Amino acid sequence: MKLTLNLLFFIVSFLTFSDKTLSLSDYQIRKICKKEKKEYTCITNLKKKRYELNRGNLIEIPIVPKKRKY
């Protein structure tokens, strides 16, 4: 019973976490980079990262903390 339960959890978790990635479209990239000072550089960087991600390579994603309102 315990073996079948563990096997079931393993199969469900394997099906839930697939290797598919969702990358940004060109429109979303342009929309994000409108706010940047160097818009063209931002677009090329995001397109390079999208290309590397679609090929299956790891990319570095910077995390920017959100400003809190007090």
The chain: helices (runs of 4 or more DSSP H) wholly inside it with 1 or more residues that are on the phi > 0 side of the Ramachandran plot, modelled with pLDDT of 80 or more and exposed (fewer than 10 other Cβ atoms within 10 Å of the Cβ) are none
List every residue pair whose Cβ atoms sit under 8 Å apart, with the two residues 6 or more apart in sequence or on different chains, where the first one lies in segment 35-58 and is touching a residue at least 24 places away in the same chain (Cβ under 8 Å) and the second, anywhere, is surrounded by 13 or more Cβ atoms within 10 Å (Cβ to Cβ) and among the polar types (S, T, N, Q).
-> Arg50/Ser23; Leu53/Ser23; Asn54/Ser23
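The values are calculated or read from the model by the stated rules, or taken from the named source; none is laboratory data. Small disclaimer: the values here were computed from a predicted structure and weren't measured. Every residue, glycine among them, receives a Cβ derived from its backbone with ideal geometry; neighbour counts consider all protein chains shown.
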